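**Student:** Sharing a structure with you now.
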Amino acid sequence: MFKKFDPSNDVSTSTQVKASVQRGIKSQISVAHPSLTDDILDELLPKKPPLVQYKCGPHLMLYCRQNKEGGGGDEPVFFQHRDGPILPTLKFVHKYPKVEFTRVTVDKGAIPFVLGGANIMCPGLTNEGGEMPTDGEDGPALAKGDGVIIYAEGKELPLAVGFMTMSSKDIRKKNKGNGIEVCHFLGDGLWGTDEIQ
């Protein structure tokens with residue numbers, strides 16, 4: 001999604017997000033990442049200054065925090081593809097490592113493929129070193145379409161952000177095919193973007 005992202009060419013329009021829309025964004029984030037409390041979300045995304053929404057291509061929205069000093073560009077913090085989950089950027093997750101977003105871990109063998117932009121296959125999550133939240137008896141821990149932060153075995157910081165293409169229960173059962181679609185990874189165009197003007 002952001003493999004060849006270039007903010008000077010790929011960003012078309014920007015609008016300031018209304019307070020009601022910003023509350024909706026916070027609500028979606030808190031549902032997707034239940035460990036984030038309202039206090040943490042208010043600290044990460046304060047009401048003032050409001051977020052700025054950038055349209056990137058026909059179906060991609062990039063949400064940015066305005067620069068507090070008033071000069072320079074806006075810092076990308078979240079993005080959304082179509083009606084999918086609102087996902088944080090990797091720089092944002094790296095900036096706040098103690099904040100617990102919904103996460104999965106891939107085994108060491110998947111690292112070079114993920115850094116090349118490949119999607120994560122089911123065996124990368126079920127092999128030794130891979131990890132997903134434990135499924136409950138009432139349903140899967142992660143449903144199809146849920147956004148996740150992707151860590152690598154033995155690494156402290158995440159290497160990608162994506163969403164589940166099948167539930168965690170199905171991944172464990174089938175152990176075949178594409179398990180997570182990677183949207184943003186270390187070294188892609190969005191990773192190289194510090195600010196958008």
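The values are calculated or read from the model by the stated rules, or taken from the named source; none is laboratory data. Being a predicted model, the structure only gives us computed values, none of them experimental. Note that we place each Cβ from the backbone using ideal geometry, even for glycine, and neighbour counts take in every protein chain shown. Side chains are part of the model used for accessible areas, which takes the heavy atoms of the whole protein and leaves out ligands, DNA and RNA. Shrake-Rupley method; radii C 1.70, N 1.55, O 1.52, S 1.80 Å.
**Student:** Just read off the accessible area of residue 169 with the full protein assembly in place, 1.4 Å probe, to the nearest 10 Å².
**Tutor:** Using a 1.4 Å probe on the heavy atoms, I get roughly 100 Å².
**Student:** Now, a different point. Put a dot 7 Å past each Cα toward the Cβ at residue 134 and residue 55; how far apart are the dots in nm?
**Tutor:** Placing both labels 7 Å beyond Cα along the Cβ direction yields 4.7 nm.
**Student:** Still on this structure, please answer the following. Over segment 6-151, with every protein chain in place, what whole percent of the accessible area is carbon and sulfur at 1.4 Å, could you tell me?
**Tutor:** Looking at segment 6-151 in its full context, I get 50 percent from C and S.
**Student:** Ignoring ligands, DNA and RNA, what accessible area per residue does segment 75-147 give at 1.4 Å, in Å²?
**Tutor:** In whole numbers, segment 75-147 has 51 Å² accessible per residue.
**Student:** Checking the table 26/108; 55/98; 108/173 against a 28 Å threshold on Cα-Cα, which pairs fail?
**Tutor:** Going by Cα-Cα distance, 26/108; 55/98 fall outside the 28 Å limit.
**Student:** Moving to a separate point now. Sequence gap at least 6, Cα distance under 8 Å: using those rules, report the relative contact order of segment 83-161 to the nearest whole percent.
**Tutor:** 42 percent
**Student:** Kirkwood hydrodynamic radius, segment 1-139, all distinct C-alpha pairs: what's the number in Å?
**Tutor:** It is 17.0 Å.
**Student:** Follow-up question, since we're still on this one. Rounded to the nearest 10 Å², what accessible area does residue 3 show when all protein chains are kept and the probe is 1.4 Å?
**Tutor:** Roll a 1.4 Å probe over it and residue 3 shows about 120 Å².
**Student:** Right, here's the next one. Provide the gained length on full extension for the span residue 98 to residue 3, in nm with one decimal, where the gain is 0.36 nm per separating residue minus the Cα-Cα distance.
**Tutor:** Extending this stretch completely gives an extra 31.5 nm.
**Student:** Next question. List, in order, the whole-Hz ³J(HN,Hα) value for each residue of segment 12-27 obtained from phi through the Karplus relation with A = 6.51, B = -1.76, C = 1.60 and θ = phi - 60°; use x for Gly and Pro.
**Tutor:** My calculation for segment 12-27 gives 9, 10, 9, 9, 6, 7, 5, 4, 5, 5, 5, 5, x, 5, 4, 4 Hz in order.
**Student:** Would you list, by chain and number, the lysines whose Cα falls below 17 Å from the Cα of residue 174, excluding same-chain residues fewer than 8 positions away?
**Tutor:** 144
**Student:** Same structure again: Find which of 114, 87, 187 sits farthest along the positive direction of the dipole of segment 82-189, computed with +1 on the beta-carbon of Lys and Arg, -1 on that of Asp and Glu, about the Cα centre.
**Tutor:** 187
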